[in-house]
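Here is the structure we will look at.
The values are calculated or read from the model by the stated rules, or taken from the named source; none is laboratory data. Computed from a predicted structure; not experimentally measured. Glycine also receives a Cβ, built like all others from the backbone with ideal geometry; neighbour counts cover every protein chain displayed. For accessibility, only protein heavy atoms count, side chains too; no ligands or nucleic acids. Shrake-Rupley method; radii C 1.70, N 1.55, O 1.52, S 1.80 Å.
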Amino acid sequence: MSKLPSASEQAYLTVKEMIVTGELPGGELVSEGDIATAMDVSRTPVREAFLRLQVEGWMRLYPKRGALVVPIAAGEAEHVVSARRLVEAGSVATVVADDRTRTALVADLRVSLERQRALAADGTRADFSEADADFHRLIVRAGGNPLLDAFYAGLRERQRRMTTHSLAREPAQISRIVEDHAHLADLIEAANADEFSVAVDAHMRRTHGLNEGGQR
């Protein structure tokens with residue numbers, strides 16, 4: 001039997017998800033009391049969650065005032081995109097050298113694409129951003145390097161937050177994101193690692209409103 005999360009862990013997961021999905025937007029001041037009331041818990045686990053989120057860079061605490069949700073920093077999108085391109089392109093270079101691994105990955109990506117299409121038609125931005133992150137994580141995981149997989153996992157929530165923010169800014173682009181993903185899957189199927197590297201970079205920059213110089 002799996003152990004239920006503690007009140008502190010549940011508060012941490014809940015508040016972090018609210019930040020990632022934009023329910024708590026960057027720049028908003030949040031009180032322990034409001035979150036505790038909404039979750040029907042005492043302030044203690046919420047305070048512990050806020051402290052943990054501050055350590056991770058999601059919040060900044062101000063005694064007797066509340067917790068500020070840290071906005072997406074200037075330049076953060078560029079840094080995340082650059083890191084993701086290196087990891088994903090490197091993983092694909094490994095994957096295309098093994099026909100069995102490549103075939104299995106493409107099959108998994110096709111399944112992911114079906115879910116994305118369903119969410120694009122009738123889903124929330126939060127759910128789609130999760131499916132988007134899962135699609136890219138499949139690519140990295142297929143590379144078979146546990147260190148890169150762990151590193152990429154650390155980018156996951158920042159990636160989701162950026163995607164949700166981008167979809168809020170430009171909702172119509174969701175169809176283009178799915179089309180881009182389908183193209184990336186086709187390039188992997190064709191074992192074209194070089195073109196994948198170029199395409200995944202262009203895809204991420206379009207999605208997050210970055211030009212070639214890294215500016216929004």
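Quick one: which residue in ARG117, ARG43 is among the basic types (Lys, Arg) and over 22 Å from the mean Cα position of the chain (by Cα)? Please lay out each step first, then the result.
Numbers: ARG117 fails: over 22 Å from the mean Cα position of the chain (by Cα).
Within the list ARG117, ARG43, the selection yields ARG43.
Look at the stretch 9-30: where a residue is free of Cβ contacts under 8 Å to residues at least 24 places away in the same chain and under 21 Å from ALA133 (Cβ atoms) and a partner is assigned to a strand (DSSP E or B) and open to solvent by less than 40 Å² (accessible area, probe 1.4 Å), sitting 6+ places away or on another chain with Cβ atoms under 9 Å, you get MET18/VAL30; MET18/VAL69.
Filtered by the rule that a residue be part of a loop (DSSP other than H, G, I, E, B) and either hydrophobic (A, V, I, L, M, F, W, C) or within 16 Å of ASP127 (Cβ to Cβ) (or both), the stretch 1-29 gives MET1, LEU4, THR21, GLY22, GLU23, LEU24. Number of residues in the stretch 104-115 that are in contact (Cβ under 8 Å) with a residue 40 or more places away in the chain and either farther than 12 Å from LEU184 by Cβ or open to solvent by 50 Å² or more (accessible area, probe 1.4 Å) (or both): the value is 1. The helices (runs of 4 or more DSSP H) located wholly in the stretch 137-216 that include 1 or more residues which are at pLDDT 95 or above, surrounded by 16 or more Cβ atoms within 10 Å (Cβ to Cβ) and touching a Phe, Trp or Tyr at 6+ places or on another chain (Cβ under 9 Å) occupy 174-189.
Given the residues HIS181, HIS208, which is the only one that is under 22 Å from ARG110 (Cβ atoms) and touching a helix residue (DSSP H, G or I) at 6+ places or on another chain (Cβ under 6 Å)?
On the way: HIS208 fails: under 22 Å from ARG110 (Cβ atoms).
Residue meeting the stated conditions: HIS181.
Results for (1) surrounded by 14 or more Cβ atoms within 10 Å (Cβ to Cβ); (2) of a type outside the set (Asp, Glu); (3) over 19 Å from the mean Cα position of the chain (by Cα), shown as yes or no for each residue.
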| site | (1), (2), (3) |
| --- | --- |
| ALA36 | yes, yes, yes |
| MET39 | yes, yes, yes |
| LEU51 | yes, yes, yes |
| LEU61 | yes, yes, yes |
| LYS64 | no, yes, yes |
| LEU68 | yes, yes, yes |
| GLU78 | yes, no, no |
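Would you call ALA89 in a helix (DSSP H, G or I), of a type in the set (A, V, I, L, M) and closer than 30 Å to GLU195 by Cα?
Details: in a helix (DSSP H, G or I): yes; of a type in the set (A, V, I, L, M): yes; closer than 30 Å to GLU195 by Cα: yes.
Yes, satisfied.
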